[in-house]
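Below is one structure; the comments refer to it alone.
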Amino acid sequence: MDQDENQLKMAAAASAVRLVRDGMIVGLGSGSTAALAVNRLGERVKQGLRILGIPTSERTAAQAQVLGIPLSSLAEEPNVDITIDGADEVEEGNLNLVKGLGGALLREKIVAGASTRLVIIIHGSKLVGRLGIHQPVPVEVVPFGWQVTARHLSDLGAKTTLRRNPGGEPFRSDGGNYIVDCRFESSASAAWLARRLDHMVGVVEHGFFIGLTSEVHVAESSGVRILS
């Protein structure tokens, strides 16, 4: 990421964080762009903002603790006022998303589903006409029999790749599951694929976020554009 792009993302993060008010329960997203929003929230907490954060990953929890953001859990605070997160792709027109290239899709979707508002921050390059064409769609699967699940994914028209760590061993999510990255080449819509994945045995969760987004703050050279 070059310095100009980072500054644009910081502007979008600041725009989203301005929506946070005293007393809110705030979902804290995962990934490099969401981390900018968490940093900005940390600054506001130091200035006196009173919130409780619900982190969507262990990495985000560690970042928030360093910044002094008080944390809670969905067990204690099941209703989240606002979640601020990033996305790997945003489909123009309906604001459906692909998330999970960082591996935190399951917790991200659970927190998003518990939120009154899901606010997404992205660089303008993440806007696409159709999801799943330029970036793979992460699918979190149970390690047991993952090869069988991958075959079922192939039957949906996906080219599948088991995600691995730099050392070559399978990547494991915070929940201990594997992730199969899928490239879909069929003309099927993201909503149709999501419904099929929702009912596939062995799939824990997938990276299609359908109908969850409240608004998107887009960082562009002309400024921050808000889509809703």
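We did not get these values from a lab; they are worked out from the coordinates using the rules stated. Remember, it's a predicted structure, so these values are computed and weren't measured experimentally. Glycine also receives a Cβ, built like all others from the backbone with ideal geometry; neighbour counts cover every protein chain displayed.
A few points about this structure:
- Take every Cα pair under 8 Å whose residues are at least 6 apart in sequence, average their separation, divide by the length of the stretch 137-206, and the relative contact order is 47 percent.
- Share antiparallel - DSSP beta bridges, the chain, percent rounded to 5: 55 percent
- Computed over the chain: relative contact order in percent, which uses C-alpha pairs under 8 Å that are six or more apart: 22 percent
- GNM top mover of Ser189, Ser214, Ser57 - the chain, alpha-carbon springs below 10 Å: Ser189
- Sorted peptide list for 152-162, 85-95, 67-77, 197-207, criterion being average Cβ within 10 angstrom, highest first: 85-95, 197-207, 152-162, 67-77
- Hits among lysines - C-alpha to C-alpha of Lys109 under 27 Å, sequence gap 8 or more where chains match: Lys9, Lys99, Lys126, Lys159
- Under a Gaussian network description of the chain, with springs only between Cα atoms under 10 Å, the residue in Pro166, Pro55, Pro138 that fluctuates furthest is Pro166.
- Given charges at beta-carbon only (K, R positive; D, E negative), |dipole| of the chain in Debye: 80 debye
- In Hz, Karplus ³J(HN,Hα) per residue of the stretch 23-33 (6.51, -1.76, 1.60; θ = phi - 60°; x = Gly, Pro): x, 6, 8, 10, x, 9, x, 10, x, 5, 6
- Rounded, prolate or oblate (a/c below 1.5 giving rounded, otherwise prolate when a/b exceeds b/c) for the stretch 137-206 by Cα gyration tensor: prolate
- MRE, 222 nm, helices only [DSSP H, n ≥ 4, -39500 (n - 2.57), over the chain, to nearest 500]: -9000 deg cm²/dmol
- In range of the label at Ile110: residues from the stretch 198-228 whose backbone nitrogen is under 12 Å from the point 7 Å along Cα→Cβ: 205
- Per-residue 3J(HN,Hα) values for the stretch 87-97, derived from phi via the Karplus relation 6.51 cos²θ - 1.76 cosθ + 1.60 with θ = phi - 60°, read 8, 7, 8, 10, 7, 5, x, 10, 6, 5, 10 Hz in sequence order (x marks Gly and Pro).
- Fluctuation leader among Ala37, Ala191, Ala104 - the chain, Gaussian network, Cα springs under 10 angstrom: Ala191
- Comparing Cα centroids, the stretch 9-64 and the stretch 189-205 end up 30 angstrom apart.
- Dipole in debye (nearest 20) - the stretch 137-206, about Cα centre, beta carbon charges: Lys, Arg +1; Asp, Glu -1: 160 debye
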